[in-house]
1. Go through I43, I105, I22, I13 for me and flag whichever is touching a residue at least 12 places away in the same chain (Cβ under 8 Å), farther than 22 Å from Y158 by Cβ, open to solvent by less than 20 Å² (accessible area, probe 1.4 Å) and touching a helix residue (DSSP H, G or I) at 6+ places or on another chain (Cβ under 7 Å).
2. Before we move on, is L152 open to solvent by 30 Å² or more (accessible area, probe 1.4 Å) and closer than 23 Å to N75 by Cα?
3. Go through (1) within 16 Å of M124 (Cα to Cα); (2) open to solvent by less than 10 Å² (accessible area, probe 1.4 Å) and name the single condition I55 misses.
4. Mind counting the residues in region 134-169 that are closer than 14 Å to S182 by Cα, in a helix (DSSP H, G or I) and touching a residue at least 24 places away in the same chain (Cβ under 8 Å)?
5. Would you be able to tell me the number of residues in region 104-133 that are of a type in the set (A, V, I, L, M), touching a Phe, Trp or Tyr at 6+ places or on another chain (Cβ under 9 Å) and assigned to a helix (DSSP H, G or I)?
6. Any residue in region 11-26 that is over 30 Å from P178 (Cβ atoms) and under 15 Å from the mean Cα position of the chain (by Cα)?
7. Are any of the residues in region 140-147 closer than 16 Å to G48 by Cα and either in contact with a Leu (Cβ under 7 Å, 6 or more places away or on another chain) or surrounded by 15 or more Cβ atoms within 10 Å (Cβ to Cβ) (or both)?
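The values are calculated or read from the model by the stated rules, or taken from the named source; none is laboratory data. What you see is a predicted model; the values in this text were computed from it and never measured. Backbone-built Cβ (ideal geometry, glycine too); neighbour counts: all protein chains shown. The protein model used for the area step is the full one, side chains on, heavy atoms only, and it has no ligands, DNA or RNA in it. Shrake-Rupley method; radii C 1.70, N 1.55, O 1.52, S 1.80 Å.
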Amino acid sequence: MERLKNALGFGGILPKKAIDYIVGYAETELIEPGSDFLPQGTICSKIGFVNKGVIRVYATGKNGDEVTKYFVRENQFVVDLESYYNATPAESVFQAVLATEIFTIQRNTWNGLTEEIPKLYVLMKSLTEATLLNKLKDNDFLNFGSAKEKYLEFIKRYPDLALKIPQRYIASYLKITPQSLSRIRLEITKKQ
């Protein structure tokens with residue numbers, strides 16, 4: 001739980017004693033590849049922290065195609081904010097791409113902790129803002145350049161993901177077909 005403790009130490013907002021107390025409420029969930037952390041249509045009732053593995057967040061289009069919105073990597077919190085705060089069914093699916101270990105705290109427990117530790121609310125607000133800004137920056141490269149340029153930027157930003165996760169998920173994230181991604185990868189390999 002050291003990684004979770006480090007994440008809760010963000011910005012030096014919480015004292016060590018409070019962090020240790022909060023971590024005492026965390027439960028460990030092991031999720032197999034292809035299994036959901038949060039299925040579509042369910043209400044998000046917990047906050048998670050990815051200790052190991054990768055979570056893919058995707059939506060299903062009208063034609064039934066899955067569109068990968070983003071990936072939640074190790075050392076990142078995972079929660080559907082809209083579903084969590086509004087108690088509405090999740091529109092996206094949060095699915096493990098690899099064998100994934102997540103530390104979770106249930107919403108009722110978390111709410112009680114924020115009442116006991118007022119600075120926890122400040123920490124979560126800071127983490128939420130930082131995460132949203134990072135998501136905007138992370139996804140910005142998807143708006144510019146050719147498919148090849150997007151893939152090259154993806155492997156530059158996320159070399160670990162490029163090696164670990166199935167090609168079809170990367171293609172979906174880059175909004176190209178798996179066949180196009182295969183051609184791009186082959187072209188890059190030939191030039192090396």
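1. I22
2. no
3. (1)
4. So the answer is 6.
5. Qualifying residue count, region 104-133: 6.
6. Scanning region 11-26, I find no residue that is over 30 Å from P178 (Cβ atoms) and under 15 Å from the mean Cα position of the chain (by Cα), so the answer is no.
7. Among the residues of region 140-147, not one is closer than 16 Å to G48 by Cα and either in contact with a Leu (Cβ under 7 Å, 6 or more places away or on another chain) or surrounded by 15 or more Cβ atoms within 10 Å (Cβ to Cβ) (or both), which makes the answer no.
Each row is one residue, and each column tells you yes or no for (1) surrounded by 13 or more Cβ atoms within 10 Å (Cβ to Cβ); (2) under 30 Å from G9 (Cβ atoms).
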residue	(1), (2)
E101	yes, yes
P118	no, yes
L136	no, yes
Y158	yes, yes
L163	no, yes
K175	no, no
L186	no, no
K191	no, no
